[in-house]
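Q: Could you have a look at this structure, given as structure tokens, before my questions?
What follows draws every value from the coordinates through simple rules; no lab data is involved. For clarity, every value in this text was computed on a predicted model and none was experimentally measured. Methodologically, a virtual Cβ is constructed for each residue, glycine included, from the backbone with ideal geometry; neighbour enumeration extends over all protein chains shown.
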Amino acid sequence: MKIVFKYTKLGKLKFISHLDNLRVLQRALRRTGIMAKYSEGFNPHPKLSIAYPLSLGVESIGEIAEVEVIDDINISEFIDKMNKCLPDGMAITEASEYADNRAVPSMVCSQVYRFTISHNDQDSVDAAINSLKGLLDNDYPIIREKKKKNKIVKKEMNLTSFIQSIDLLSTEMLDIDIQIVIHVSDTGSLKVEEVKDFLYNSLNGVKSIEVQRIALNFIDKVI
Amino acid sequence: MNKHLFDEILMRVEKPARYTGGELNSIVKDKKDVNIRFAFAFPDVYEVGMSHLGMHIIYNLLNSYPNIWCERVFTPWTDMEKELRNHELELFSLESNDSLKVFDFVGFTLQYEMSYTNILNMMQLSGIPLESQNRDENYPLIIAGGPCAFNPEPLHEFIDIFFIGEGEELLPEVMSLYEKHKKSGYSKQAFLKEACQVEGIYVPSFYDVVYDEAGKISKRIKLYDQAPEVIKKRIIKDLNKSYFPDKIIVPFIETVHDRIVLEIFRGCTRGCRFCQAGMIYRPVREKSVETLLAQAELLLDSTGHEEISLSSLSTGDYSKLIELSQALLDKYEERRIGLSLPSLRLDSITFGLIERVQKVRKSGLTFAPEAGSQRMRDVINKNITEDDILGSVKTAFELGWSNIKLYFMVGLSGETRDDIYGIKEMVYKIKDAFFDRPREAIRGNFNINVSAACFVPKPFTPFQWDPQNTVKEFQDKTGYLKREIRDKKISFSYHDPKLSNLEGVFALGDRRVARGMKKAFEMGCTFDGWGDQFDYDKWLTAFIEENISMDFYNNREKGYDEILPWDFIDCGIRKEYLIEEKEKSLKGITTDDCRVNCSGCGVNTSLVGGPCFEDSL
Ligand code: SF4
């Protein structure tokens, strides 16, 4: 039986890497006593995968993972048992059985983030709100460096072509919350740091930016 | 600490989860509810410290007392250290994030000599004066225990109290004494005076040492007349009844050993003459299969680890190894929990068992002949023959193994060229054994990993009087082997002779080497056990500047009548026994395993109060 679940990664847990995150989930599953299915091969590992990696240092309330278990289990029982075994900051908020043959990670089409931008003064806040609409009008080239056989290969990309939407969520004092949807394709996606730099460079009077991943979108319903 | 700054710093350092705490089963208490705050300090990085079973035992033991909160602290890696210094932040514990300065106790574990400068660094990073005499009631008590505490003198200036021997009973005793003092107005001196009366406790500031013209110790003087003459090590008589945690912390990040460790017995009956652990942990004490199964269950359920590792000095000697392993496999094979059997002796390998273990997890085979020639193995009392070794590897090859790891030592007492050459000969014989088989039987990618450690004579061993090889001698020997062992299928590696040399200085040092250590630390030496951080030249300079000769400690032969720096510690073994063993080694005479024949080391009368084994005489 395959189960897809949504979970949080908050507080100190934002400092654990993708691989460590996978390990935390695997160990929690072991502690529940629910048996996972294992892959075949020389070094068998439990069939558990995280839909899309999250950058180190970013919190999330909408992580998605998929697991295959041996015996059928009631979904709410699965959630209860897992939540008793997960560390503080990580909790399953939703889960459902998954009958599709396609692997969940291959179905991610975009990531949704909330950026909380703190400004130095009210003028900057007003200016930021006004300029949000036009942010995507122009190209914004970014350079990526890749190591290829001891050579550093540089690649130029247009950041704004990866951003599907920018929306204002709320304002509070000198903080504004915006939601940004970032496209995920075969050619890749954007890194949180790149979007942060983009915001710092495009807006004036920005003091600090906090980021949280809100959700992942899929080409079809997975959960 | 400012959360924003902390987050920013964590984003810049390597492996930030080393510093966040918050792992499953870590313990957070309310400061108001406790009257003793204890920082368990491991003088190495998080991944190394968290792999250490002793830390988990002490952490949970202390936290089992409602009035004590024990937290953890590890050495920050150099990147984090820079951040702390740049922002003038003090080193903090993982649970409360408080500076070590606010604790009642900071307890260091002394697992290897090369971690000593990290101890100094951790104190300095916390704003704690390094020298005991410069710390008044406003600072925590700095305490230390572990195997290296058996020669505490090189650290005597820095540590207030040493714990000699096993701490599971001793530590709570000292804690309750401290609580009593704290309630009636704590004074450091008054507390130390009472603490030093507890068996197993050594307070170095109550003693002074006088040296003769040659620089040897002429006598020890007591500065507090009630302080004990001799410090006797503490042991736990029955491990089945001693404290064991029912859950342990599960790290977020990968540690050196990501598995649960079951300590199946303490001590060792083999009597290898180079091995300090085999001497200081006597007598051997086994846990029952029942106890171990229960402990395994608790740990697996609370951690979700996928591997059990059986740990001891000589796992193959456990009298119920087959029974235990089979019970563990029967119970956990289905749950895909692997079993690893490290440090199995060459002569006690039970292949059927290993084969079954391999079904869950595949690994190479490890053997430790320690010396290449039979003569040398007799000298060190490593009671195995070449036939034993070849017989074992042949069986292993027939069962399909093709990867072998071999551990040797160079620089053993009285070693000759022939003994060194014996290492090469043995390795090539093993290789021949693999290929001298019918063609169709040869499977797999054959590979031997040979590793040579540079021998360091250790206190409380029959070799404690011996000079260590010089760096040059070590280099000659390792260089020779490197030239001799030339084969694509054999890889040869060896320990850094310079590092082993320094290890020898601290293992065998007296009070005066403390100055050299401090100097080297001030010059920037930390993480000396990490090859890329170790700076031998700085150490040489530091010792020259402090006018201390390294050779005096590790390259000089000492007489049986010389007062050795650690002689005031009673580890249970008679000094005469060590002398007898040394003399026998010179003649190449071996000593029986304790299980076969008690050779009367003294532990039975001094610590056990009867025979070490129920069935021994
Ligand atoms: S007293 Fe005898 S049996 Fe006990 S540890 Fe010493 S030599 Fe071994």
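Q: Let me confirm the definition first: pairs of Lys residues in the stretch A:2-99, 8 or more apart or on different chains, C-alpha distance under 23 Å. How many are there?
A: Value for the stretch A:2-99: 21.
Q: Just to confirm a number: summing +1 for Lys and Arg and -1 for Asp and Glu over residues other than residue A:11 whose beta-carbon lies under 9 angstrom from that of residue A:11, what do you get?
A: Within the 9 Å Cβ shell, the charges total +1.
Q: Please order B:603, A:153, B:106 by the number of other Cβ within 10 Å, starting at the fewest.
A: A:153, B:603, B:106
Q: Spin-label point model (7 Å from Cα, Cβ direction): what's the residue A:96 to residue B:405 distance in nm?
A: 4.8 nm
Q: Something else now. Can you give the FRET efficiency to the nearest 0.05 for residue A:146 and residue B:293, using r as the Cβ-Cβ distance and R₀ = 51 Å?
A: 0.45
Q: Count charges around residue B:274 for me, please; just the other residues with Cβ under 12 Å from its Cβ, Lys/Arg as +1, Asp/Glu as -1.
A: Local net charge: +2.
Q: Okay, moving on. Taking the Cβ of residue A:47 as the center, what net charge do the other residues with Cβ under 9 Å away carry, scoring Lys and Arg +1 and Asp and Glu -1?
A: 0
Q: How do B:306-314, B:558-566, B:148-156 rank on mean C-beta neighbours within 10 Å, highest first?
A: B:148-156, B:306-314, B:558-566
Q: Once both axes come from the Cα atoms, what is the angle between helix B:167-183 and the longest principal axis of chain B, in degrees from 0 to 90, rounded to 10?
A: 0 degrees
Q: Same structure, new question: Can you compute the FRET efficiency between residue B:491 and residue B:334 using 1/(1 + (r/R0)^6), with r the Cβ-Cβ distance and R0 = 45 Å? Round to the nearest 0.05.
A: It comes out at approximately 0.75.
Q: Any idea which of A:157, B:34, B:55 is furthest toward the positive side of the dipole for the protein assembly as shown, if Lys and Arg beta-carbons carry +1 and Asp and Glu beta-carbons -1?
A: A:157
Q: Here's another thing I want to ask about it. Ignoring solvent entirely, what values of log10 I(q)/I(0) come out of the Debye formula for the protein assembly as shown at 0.05 Å⁻¹ when each Cα is a single scatterer?
A: -0.33
Q: Based on Cβ point charges of +1 for Lys and Arg and -1 for Asp and Glu, what charge dipole magnitude is obtained for chain B about its Cα centre, in debye rounded to the nearest 20?
A: 760 debye
Q: In chain A, with Lys and Arg counted as +1 and Asp and Glu as -1 at Cβ, which of these residues, A:131, A:73, A:45, has the Cα nearest the positive end of the dipole, that is, farthest along it?
A: A:45
Q: Quick check: pseudo-label points 7 Å beyond the Cα along Cα→Cβ at residue B:480 and residue A:153, how many nm apart are they?
A: Using points 7 Å along Cα→Cβ, the separation is 5.2 nm.
Q: Give me the number: length gained by fully extending residue A:185 to residue A:168, i.e. 0.36 nm times residue separation minus the C-alpha to C-alpha distance, one decimal in nm.
A: So the chain would gain 3.7 nm between residue A:185 and residue A:168.
Q: Along the Cα→Cβ direction, 7 angstrom out, place labels at residue A:131 and residue B:14. What is the inter-label distance in nm?
A: In this crude label model, residue A:131 to residue B:14 measures out at 3.9 nm.
Q: Another question about this same structure. Assigning unit charges at the beta carbon (Lys, Arg +1; Asp, Glu -1) and nothing else, what dipole magnitude in debye, to the nearest 20, does the protein assembly as shown show about its Cα centre?
A: That gives a dipole near 1540 debye.
Q: Report the FRET efficiency, 1/(1 + (r/R0)^6), for residue B:223 and residue B:186, where r is their Cβ-Cβ distance and R0 is 30 Å, rounded to 0.05.
A: According to the calculation, E is roughly 0.90.
Q: May I ask you to order B:7-14, A:10-17 by the average number of other C-beta atoms within 10 Å around their residues, highest value first?
A: Ranking, from highest mean packing down: A:10-17, B:7-14.
Q: I need to check one value: relative contact order of the stretch A:2-99, counting alpha carbon pairs closer than 8 Å and at least 6 residues apart, in percent.
A: 48 percent
Q: Given Cβ point charges of +1 (Lys, Arg) and -1 (Asp, Glu) and nothing else, what value in debye, to the nearest 20, does the dipole of the stretch B:3-232 about its Cα centre take?
A: Roughly 380 debye, rounded to the nearest 20.
Q: Take each of the peptides B:224-232, B:202-210, average the number of other beta-carbon atoms within 10 Å over its residues, and list them starting from the highest.
A: B:202-210, B:224-232
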